[in-house]
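Reading through the structure tokens given below for one structure.
Since every read-out is calculated from the coordinates, none of them should be taken as a lab result. Values in this document were obtained by computation on a predicted structure and should not be read as measured data. Cβ: placed from backbone, ideal geometry, glycine included. Neighbour counts: every protein chain shown.
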Amino acid sequence: MMLSPQLHKILAVAIFLLPFCAQGKPAGFLSKFSFKPFYGDRSNNEQQIPVGIDQLFPPPAVLHLNKMITESGGKIFATNGKTANFDATVEKCKEAGGSIAAPKSPGENDAILYFVKYFNTYAYLGIKQSLVPGRFQFLNGAQLSYTNWYPNEPSGKGEEECVEMYTDGTWNDKKCSKNLLIVCQF
């Protein structure tokens, strides 16, 4: 059986956020679907995670999916509320079946901004400096068709190779070593 692209995205997001579900109850956008996780029967009322999943992920933490997922332009954006450096962010998103969030329109920028504002912290974007200092591109090498640079940015002149989103939605070039909010797209 082949999964629709939308269902594939939903499953990838669910797996990405699984460790952060509270008491096995889907919240946020997942409640719109007729998806019910299997938790089995436990006499002591503890959660039972489906076979195999508990080996992949630690037991769920007490954190609802509300405020953790948004959609724009046919993409689903998600965060786990954690921070990491740029390379670790790229890897975490890849492991989850997505990629680091890279806005291609004002609507997608706003979807990422939602998390940045909610967690009141900056986030890396899937944009990096090209071989030409001061010029930026998507990680796949495609040129930027949409930008939202803060005034006088980018300013790193080759020393700041990554891009972060400020809490007002504008962008700044930044060194890649700081831990910022992980936001993925699916």
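Quick look at the values:
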quantity: Whether the stretch 80-148 is rounded, prolate or oblate, judged on the alpha carbon gyration tensor where a/c under 1.5 counts as rounded; calculated: oblate
quantity: Cβ-defined net charge surrounding G158, 15 Å radius [Lys, Arg +1; Asp, Glu -1]; calculated: 0
